[in-house]
Amino acid sequence: MANSTVAGKFVGMLFAARTVAHIIHLKTKSYPQHKTLNEFYEAIVPLADDFAQQWQGRYGVELDVPMLGNEYKGTITEVIQQQMDWIESNRQQIVPRTETALQNKIDEIVGLYQNTLYLLKWFK
């Protein structure tokens, strides 16, 4: 069985990631960073929403999504890396490995994080 508290925190963290990315997007003087963060914050919300709806459909329980602030420190690249590390460390608590549809959605989210990190690191 999935852990609803961890799954809710996961979705809340994704929503917080959108906000942090949008704020840095508005502050940066780097055009590549500006565009990369724009792509990230536009993509993360639909992925988070899809995950939450799939999770609720699978388990028949309303997911309690907390309003989270950013708990990670450092540059936007470091924050995104730390969030991705949290996802990878907690993915089996979010949903069991056997829940392949939900694990695939987590894979899509991690893929977005990986692509964003690539663009932030290589195209400053």
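The values are calculated or read from the model by the stated rules, or taken from the named source; none is laboratory data. Please read all numbers here as calculations on a predicted model, not as lab measurements. Counting neighbours? That spans all protein chains shown, and the Cβs are built from the backbone with ideal geometry, glycine included. With ligands, DNA and RNA removed, areas are computed over all heavy atoms of the protein, side chains included. Shrake-Rupley method; radii C 1.70, N 1.55, O 1.52, S 1.80 Å.
Is one or more of the residues making up the stretch 56-63 open to solvent by 50 Å² or more (accessible area, probe 1.4 Å), acidic (Asp, Glu), under 14 Å from Gly8 (Cα atoms) and without any contact (Cβ under 8 Å) to a residue 12 or more places away in the chain?
Here is the first cut: in the stretch 56-63, the residues open to solvent by 50 Å² or more (accessible area, probe 1.4 Å) are 56-58, 60-62.
Next, only the ones that are acidic (Asp, Glu) stay: 62.
From the residues that got through so far, the ones that are under 14 Å from Gly8 (Cα atoms) too are 62.
The next check asks that each one be without any contact (Cβ under 8 Å) to a residue 12 or more places away in the chain; those that pass are 62.
So far as the stretch 56-63 goes, yes, one or more of its residues are open to solvent by 50 Å² or more (accessible area, probe 1.4 Å), acidic (Asp, Glu), under 14 Å from Gly8 (Cα atoms) and without any contact (Cβ under 8 Å) to a residue 12 or more places away in the chain.
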Legend entry - Set Leu37, Leu26: member being open to solvent by 70 Å² or more (accessible area, probe 1.4 Å) and under 19 Å from Phe123 (Cα atoms): Leu26
Legend entry - Odd one out for Gln53 among (1) assigned to a helix (DSSP H, G or I); (2) open to solvent by 30 Å² or more (accessible area, probe 1.4 Å); (3) modelled with pLDDT under 95; (4) over 17 Å from Gln114 (Cβ atoms): (3)
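Looking at Glu78, Glu108, which is the one that is part of a helix (DSSP H, G or I), open to solvent by 30 Å² or more (accessible area, probe 1.4 Å) and modelled with pLDDT under 95? Let's see the steps before the verdict.
Numbers: Glu108 fails: modelled with pLDDT under 95.
Of the residues listed, the single one that is part of a helix (DSSP H, G or I), open to solvent by 30 Å² or more (accessible area, probe 1.4 Å) and modelled with pLDDT under 95 is Glu78.
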Inset, instruction - From (1) in contact (Cβ under 8 Å) with a residue 40 or more places away in the chain; (2) surrounded by fewer than 17 Cβ atoms within 10 Å (Cβ to Cβ); (3) farther than 16 Å from Gly12 by Cβ, pick out the condition that doesn't hold for Glu99. - result: (2)
Legend entry - Failed condition for Gln82, given (1) closer than 16 Å to Leu117 by Cβ; (2) over 12 Å from the mean Cα position of the chain (by Cα): (2)
Legend entry - Given (1) open to solvent by less than 60 Å² (accessible area, probe 1.4 Å); (2) touching a residue at least 60 places away in the same chain (Cβ under 8 Å); (3) not small (Gly, Ala, Ser), index of the condition Gln93 fails: (1)
Inset, instruction - Would you check if Asn70 is at pLDDT 95 or above, of a type in the set (S, T, N, Q) and either assigned to a loop (DSSP other than H, G, I, E, B) or open to solvent by 10 Å² or more (accessible area, probe 1.4 Å) (or both)? - result: no
Legend entry - Filter result (over 12 Å from the mean Cα position of the chain (by Cα) and open to solvent by less than 30 Å² (accessible area, probe 1.4 Å)) within the stretch 111-124: Leu117, Leu120
Legend entry - The listed residue being surrounded by 19 or more Cβ atoms within 10 Å (Cβ to Cβ) and closer than 18 Å to Gln103 by Cα, out of Val6, Val45, Val11: Val11
